[in-house]
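Visitor: Here you go, one structure.
The values are calculated or read from the model by the stated rules, or taken from the named source; none is laboratory data. Because the structure is a prediction, the values reported are computed rather than measured. So basically every Cβ, Gly included, is an ideal-geometry build from the backbone, and we count neighbours across all protein chains shown. These area figures cover heavy atoms from the full protein model, side chains too; ligands, DNA and RNA do not enter into them. Shrake-Rupley method; radii C 1.70, N 1.55, O 1.52, S 1.80 Å.
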Amino acid sequence: MTNPLLAPWDTPFELPPFAAIKDDDFTPAFEAALTEARANIAKISDNSDAPTFANTIEALEQADALLGKVLGVFYSLAGADSNDAREALQREFAPRLSAYSSEITMNAALFQRIETLWQARDTLGLSDEQARVLMLTRRSFVRAGALLQGADRDRLTEVKSRLAVLGTDFTQNLLADERDWFMELAEDDLDGLPDFVVTTARAAGAEKGVDGPVVTLSRSLIVPFLQFSSRRDLREKAYAAWGARGANGGATDNRGIAAETLALRAERAQLLGYADFASFKLETEMAKSPDRVRDLLMQVWTPAKAAADADAQVLETMMHADGVNGRLEPWDWRYYSEKRRKAEHDLDEAALKPYLQLDRMIEAAFDCANRLFGLEFTPLETPLYHPDVRAWEVTRNGQHMAVFLGDYFARGSKRSGAWCSASRSQKKLGGVVRPVVHNVCNFAKPAAGEPALLSYDDARTLFHEFGHALHQMLSDVTYESISGTSVARDFVELPSQLYEHWLEVPEVLAQYATHATTGQPMPKDMLDRLLAAATYDMGFQTVEYVASALVDLSFHQGAAAADPMAKQADVLADLGMPHAITMRHATPHFAHVFAGDGYSSGYYSYMWSEVMDADAFEAFEEVGGAFDPETAERLEQFILSAGGSQDAEALYMAFRGRMPGVDALLKGRGLTAA
């Protein structure tokens, strides 16, 4: 029988034939694809012809196309719908893929061909895009150790292989802790919980095989529980479990993994001639250096902490008025903040949520994309990897642009958080390929027959991830290595965070925020109050984020910490971290930093991008408003379609004409006078 992963896909838009793919198909497909990729690499490096851009760089771009096809399916499933077999395959594939990557970058003959082209680059007649790809290819080889020799070369290969294993272990340990813990609730434990939280808790109980409501560690359930439960003892218990993910002792404890990861990253940087891992990592980002990152974060930390400290005093006073003595604790903040929001802004999330239906928010995101970029979305009926997943064909002027998959609901087989990925990226080399883009979220799944309702933060997450999706859908480059979101880490969040602004455009909410039962639009006074409260509790939100970013930076700057938990405590103490606020991601569950290298030394990038997104939205407001067509055209031309074809700063300068300062960010977060 032909392996469906290796056969041509006779499906709509060549989507993976999910219904035909079995877990047993992945290993033989991986073996075959890896063998083919190695043969293609050998063909390039052994070529007796003089190196050209076509026979070396373009050939390298296409060498592992089949491997990418297989792994695009596998990692989509491993992240969004995992099981024991897929977790075992992740552990098997991780070191082998690291070894394959090292084989390529340590291939002396291959690197010599690249180096020959690099030295002759000014005589090759390359286009700007080709010159960029050549530079990035050579740089990636050098940063991967192509210039190392002997024992250093061998040791770097070992380090990278071990890091791949550790990243996989960290992810799976975290998933296990999140999947296995839940707290059963008796009927008298539901005091204070709105109907939507109770409904979600009952649905979660059914998923866990429990006859009754439960609280899980899914953010979409535990956060509203902490907001509304009047049972302080249960809030404390749930918060403790949430904070202890990855730090419960035993086989799933991530603290040792974090320590080993930091030590190996520091060694990797030193082997490559850098002072520390932060210096190595940030060299290729917009920030360029740890000092610039720290300067930005501290500019934001100071006013954010002042706001949070003032808010803490108000909330503690409210708590004391309830007859609860002592200090405001982390499991108290959301509860009293929600009470304060209701009192000061007359906003009750239980009353607000029926106006934020998932389906209507999807329609809103699609409509904004249509008004800005002319995109249209048509539902696709085709077998997918889980019944909850939906698909749309994306077109413009009748031309196929992409396939978009939306996987919105939390489940035990899905890792936490929200993300965008492309199982197939846009490119033109070897024929035009249009992308298959996934948005994966963890919203609370409603009971059968009930509409899915979002919090306002959930709705922002939906728009955020869809901004990433637009970066993939509108990509228009020749080479896959610079396609879509293949940009500097502190630039990749610009499209996503910028798109969040359209959720706050009053006319968008006026049209799409309609009541789940009556169908009536959100009352104007509620809409006005919602938008007026957009920066409510921003001290808390900013402090928990910036603290995480500063801990991440400190982990990777200077010598590696032997005890990351002690280092974390020292950093927070030096900052004067407010007692009732904790890091958004404590070390044992800081997947951004320890599940892989993506955001290591780079968690700051959300804020670096926010400096730009606040300024970029002002570009619309300064002229024709949120849907100004000329500004949208420039945004697509210089940001969304360009991928990594130019340096990030050059792209932003082309769009805006200047680089922004931090003032727009502080203003947008309500942390400075308007």
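Visitor: Once Rh for segment 396-465 is found with the Kirkwood sum over Cα pairs, what is the Stokes-Einstein diffusion coefficient at 20 °C and 1.002 mPa s, in µm²/s? List each step's numbers first, then the result.
Guide: Values: Rh = 14.1 Å.
This corresponds to a translational diffusion coefficient of 152 µm²/s.
Visitor: Can you tell me, using C-alpha contacts under 8 Å and at least 6 residues apart, the relative contact order of segment 280-408 as a whole percent? Intermediate results must be reported in sequence, preceding the final value.
Guide: Working: 83 pairs, mean separation 13.0, N = 129.
Result for segment 280-408 is 10 percent.
Visitor: Evaluate E = 1/(1 + (r/R0)^6) for Thr123 and Trp419, where r is the Cβ-Cβ distance and R0 equals 56 Å; express this FRET efficiency to the nearest 0.05.
Guide: On the way: r = 43 Å, r/R0 = 0.76.
After rounding to 0.05, the efficiency reads 0.85.
Visitor: Ignoring ligands, DNA and RNA, what accessible area per residue does segment 541-641 give at 1.4 Å, in Å²? Intermediate results must be reported in sequence, preceding the final value.
Guide: On the way: 3260 Å² over 101 residues.
Solvent-accessible surface per residue comes out at 32 Å².
Visitor: Between Ala566 and Asp457, what's the calculated FRET efficiency when r is the beta-carbon distance and R0 is 35 Å? Round to 0.05. Provide the component values of the computation, followed by the final result.
Guide: On the way: r = 32 Å, r/R0 = 0.92.
Step by step, r from the Cβ atoms, then E = 0.60.
Visitor: Further question: If one computes the Cα centroid of segment 282-322 and of segment 459-499, what distance in Å separates the two points?
Guide: Segment 282-322 and segment 459-499 have Cα centres spaced 26 Å from each other.
Visitor: May I ask you to give the solvent-accessible area per residue for segment 426-482, in square angstrom, as obtained with a 1.4 angstrom probe? Numbers along the way, then the final one.
Guide: Working: 1710 Å² over 57 residues.
I get 30 Å² per residue for segment 426-482.
Visitor: For the chain, find the longest principal axis of its Cα atoms and tell me its angle to the long axis of helix 219-228, 0 to 90°, nearest 10.
Guide: 20
Visitor: May I pose another question? Any idea how far apart Leu380 and Ala310 come out in nm if each label point goes 7 Å out from Cα toward Cβ?
Guide: 5.0
Visitor: Under 8 Å for C-alpha pairs, at least 6 residues apart: give me the relative contact order for segment 140-276, rounded to a whole percent. Kindly include the intermediate steps, with their values, before the conclusion.
Guide: Numbers: 121 pairs, mean separation 38.5, N = 137.
Result for segment 140-276 is 28 percent.
Visitor: Taking square-rooted eigenvalues a ≥ b ≥ c of the alpha carbon gyration tensor, is segment 520-674 rounded, prolate or oblate, where a/c under 1.5 means rounded and, failing that, a/b exceeding b/c means prolate?
Guide: Numbers: a/c = 2.44, a/b = 1.40, b/c = 1.74.
The shape class here is oblate.
Visitor: Give the ranking of Arg96, Arg202 by solvent-accessible surface, highest area first, calculated with a 1.4 Å probe. Can you show the working numbers first?
Guide: Values: Arg96 75, Arg202 100 Å².
If we order Arg96, Arg202 from most to least accessible, we get Arg202, Arg96.
Visitor: Just how far, in whole angstrom, is segment 576-620 from segment 554-570 if you go by their alpha carbon centroids?
Guide: 18
Visitor: Determine the dipole magnitude for segment 206-311: charges of +1 sit on the beta-carbon of Lys and Arg, -1 on that of Asp and Glu, nothing else is charged, the reference point is the Cα centre, and the result goes in debye to the nearest 20.
Guide: Numbers: 15 positive and 14 negative charges, 34 e Å.
My answer is approximately 160 debye.
Visitor: Continuing with this model, one more query. If each residue of separation counts as 0.36 nm, what is the full-extension length gain between Lys237 and Glu618 once their alpha-carbon separation is subtracted? Show your work: numbers first, answer last.
Guide: Details: separation 381, 0.36 × 381 = 137.16 nm, distance 4.36 nm.
Additional length available on full extension: 132.8 nm.
Visitor: Taking the solvent-accessible surface of protein heavy atoms with a 1.4 Å probe, what is the per residue accessible area of segment 1-92 in Å²?
Guide: Details: 4300 Å² over 92 residues.
Using a 1.4 Å probe on heavy atoms only, each residue of segment 1-92 averages 47 Å².
Visitor: Next question. How far is helix 84-105 tilted, in degrees, relative to the longest principal axis of the Cα atoms in the chain, given as a value from 0 to 90 rounded to the nearest 10?
Guide: 40
Visitor: With angles folded into 0 to 90 degrees, how steeply does helix 290-321 sit against the dominant principal axis of the chain? Use alpha carbons for both and round to 10.
Guide: For helix 290-321, the angle is close to 20 degrees.
Visitor: Here's something else I'd like to know. If I stretch the segment between Glu450 and Ala654 completely, what's the gain in nm (0.36 nm per residue apart, minus their alpha carbon distance), one decimal? All intermediate terms of the calculation are to be shown ahead of the outcome.
Guide: On the way: separation 204, 0.36 × 204 = 73.44 nm, distance 4.68 nm.
Contour length minus Cα-Cα distance gives 68.8 nm.
Visitor: Each residue of segment 417-427 in order: what ³J(HN,Hα) in whole Hz does its phi give by Karplus 6.51 cos²θ - 1.76 cosθ + 1.60, θ = phi - 60°, with x for Gly and Pro?
Guide: Rounded to whole hertz, the list is x, 9, 7, 10, 9, 10, 6, 9, 9, 6, 6.
Visitor: Please give the solvent-accessible surface of Tyr606 in Å², to the nearest 10, using a probe radius of 1.4 Å with every protein chain present.
Guide: Approximately 50 Å² of Tyr606 is accessible to the 1.4 Å probe.
Visitor: Also, quick follow-up: Going by a ≥ b ≥ c, the root eigenvalues of the Cα gyration tensor, does segment 181-239 fall in the rounded group (a/c under 1.5), the prolate group (a/b larger than b/c) or the oblate group? Don't jump to the answer; show the numbers that get you there.
Guide: Details: a/c = 1.42, a/b = 1.31, b/c = 1.09.
The shape class here is rounded.
Visitor: Let me ask something additional. With each pseudo-label sitting 7 Å past Cα toward Cβ, what's the Glu283-Ala186 distance in nm, one decimal?
Guide: Computed distance between label sites Glu283 and Ala186 equals 6.2 nm.
Visitor: Shifting gears a bit: Be a star and scan segment 594-628 for residues whose amide nitrogen sits under 20 Å from the point 7 Å along the Cα-to-Cβ vector of Asp663.
Guide: Residues 608-623 qualify, since their backbone N sits under 20 Å from the label point.
Visitor: Could you tell me which label, among (1) -0.34, -0.80, -1.01, -1.26; (2) -0.34, -0.77, -0.94, -1.12; (3) -0.42, -0.85, -0.99, -1.13, carries the value of log10 I(q)/I(0) by the Debye sum over Cα atoms at q = 0.06, 0.09, 0.10, 0.11 Å⁻¹ calculated for this structure?
Guide: Of the labelled values, this structure produces (1).
Visitor: Measuring from centroid to centroid over Cα atoms, what is the spacing of segment 509-547 and segment 1-64 in Å?
Guide: Computed from Cα coordinates, the inter-centre distance equals 47 Å.
Visitor: Kindly sort Lys445, Lys281, Lys667 by accessible area of their heavy atoms, largest first, with the probe set to 1.4 Å. Spell out each step's value before the answer.
Guide: Values: Lys445 90, Lys281 30, Lys667 110 Å².
So, going from the largest accessible area down, we get Lys667, Lys445, Lys281.
Visitor: Ok, one more. What relative contact order, as a whole-number percentage, does the chain give when Cα pairs under 8 Å and 6 or more residues apart are counted?
Guide: Values: 1033 pairs, mean separation 106.3, N = 674.
Taking the mean separation of contacting Cα pairs over the length of the chain, I get 16 percent.
Visitor: Quick check on packing: order 282-288, 496-502 by the mean number of other C-beta atoms within 10 Å, highest mean leading. Please list the in-between numbers first.
Guide: On the way: 282-288: 19.9, 496-502: 23.6.
By packing density, highest mean first, the sequence is 496-502, 282-288.
Visitor: Leaving ligands, DNA and RNA out of it, report the carbon-plus-sulfur percent of the accessible area of the chain at a 1.4 Å probe.
Guide: Values: 13220 of 26630 Å².
In the chain, the share of accessible area belonging to carbon and sulfur is 50 percent.
Visitor: Of the peptides 480-491, 517-528, how do they stack up when ordered by the mean number of other Cβ atoms within 10 Å, highest first? Please report the intermediate quantities before stating the final value.
Guide: Values: 480-491: 23.7, 517-528: 12.4.
In descending order of packing, they fall as 480-491, 517-528.
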